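**Student:** Following this message is one structure expressed as C-alpha cells.
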Amino acid sequence: MATDYPPYPPLESDLRLATIDDVPRLAAVAVAGFFGESTFDAARPLHKIHAGDTIAAFRDTMHGNIRDTNSVTVVIEADADLDETKKTDATIRRRDGDYVLKEGKKIVVGFATWDFRPGSARAGQFNDESLVPDVEIDGNSGKDINHQATQEIVRICKEGT
C-alpha cells in the first residue's frame, strides 16, 4: 500500500508531477519528440494527413498514464519558445482551451512516465484515479495509424521488458 512507503523526495527546480491539465501539452511534446523516429513513422504513416488523430491518440495515452495508479508522470517546465513549431516537422494542432505559448510563461517541455512493477508499494502514491475523470478523448478516428505495425511494435516492446 502506498501509504506504507516512505514519501518520495521533493522534486527540484522545474520538475513536478503531471496533472490532468497537462494532457494537451504532453500530447504535443510527445508528437514533436517522436516524429521522425522509425517506430513513429511505421505506426503513424498518415500523421501529416490526419494529424488530429495523432494528437488525440497521444492525449488519450497521457490521460490514461496520469489516471493510472500504477504509474507516475513527471514533467519539466521551461520558458515558452514562441518559435517551437518551426523546430519540428510534426503537425501539432491545438484546440480551443489548450495550452498557450506566451513569452515569459513556463510551459511543459518534456516528461517521463514510469510504470511500477505489479504489487509495488508505490502504486497509488502519486495519483488518485478517483480524482481524475475518465473521459473520452474526442477526435481520434484512427486514420493516421498502421494497426499491423503498431501491434508488432507493442509485441517487441513487451518482449524487451
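The values are calculated or read from the model by the stated rules, or taken from the named source; none is laboratory data. Computed from a predicted structure; not experimentally measured. Methodologically, a virtual Cβ is constructed for each residue, glycine included, from the backbone with ideal geometry; neighbour enumeration extends over all protein chains shown.
**Student:** For the condition among the hydrophobic types (A, V, I, L, M, F, W, C) and in contact with a His (Cβ under 7 Å, 6 or more places away or on another chain), what is the one hit in V72, V29, V100, V23?
**Tutor:** V23
**Student:** Check whether at least one residue in region 66-74 is assigned to a helix (DSSP H, G or I), modelled with pLDDT of 85 or more and touching a helix residue (DSSP H, G or I) at 6+ places or on another chain (Cβ under 9 Å), and report yes or no.
**Tutor:** The answer is yes, given that some residue of region 66-74 is assigned to a helix (DSSP H, G or I), modelled with pLDDT of 85 or more and touching a helix residue (DSSP H, G or I) at 6+ places or on another chain (Cβ under 9 Å).
**Student:** Go through region 78-121 and count every residue that is part of a strand (DSSP E or B) and either small (G, A, S) or modelled with pLDDT under 80 (or both).
**Tutor:** 3
**Student:** Taking only pairs six or more apart or across chains, which ones have beta-carbon atoms under 6 Å, a first residue in region 71-82 that is surrounded by fewer than 17 Cβ atoms within 10 Å (Cβ to Cβ), and a second residue that is assigned to a strand (DSSP E or B) and not hydrophobic (A, V, I, L, M, F, W, C)?
**Tutor:** Taking only residues 6 or more apart or on different chains, the pairs are I76/G110.
**Student:** Identify the single condition in (1) under 20 Å from L15 (Cα atoms); (2) in contact with an Asp or Glu (Cβ under 6 Å, 6 or more places away or on another chain) that V72 does not satisfy, given that it satisfies every other one.
**Tutor:** Failing condition for V72: (2).
**Student:** Somewhere in region 54-62, is a residue of a type outside the set (A, V, I, L, M), at pLDDT below 90 and either surrounded by fewer than 18 Cβ atoms within 10 Å (Cβ to Cβ) or in contact with a Pro (Cβ under 8 Å, 6 or more places away or on another chain) (or both)?
**Tutor:** Among the residues of region 54-62, at least one is of a type outside the set (A, V, I, L, M), at pLDDT below 90 and either surrounded by fewer than 18 Cβ atoms within 10 Å (Cβ to Cβ) or in contact with a Pro (Cβ under 8 Å, 6 or more places away or on another chain) (or both), which makes the answer yes.
**Student:** Considering region 12-52 alone, what residues qualify as being part of a loop (DSSP other than H, G, I, E, B), of a type in the set (A, V, I, L, M, F, W, C) and either closer than 13 Å to G110 by Cβ or modelled with pLDDT under 85 (or both)?
**Tutor:** Across region 12-52, the qualifying residues are A18, L46, I49.
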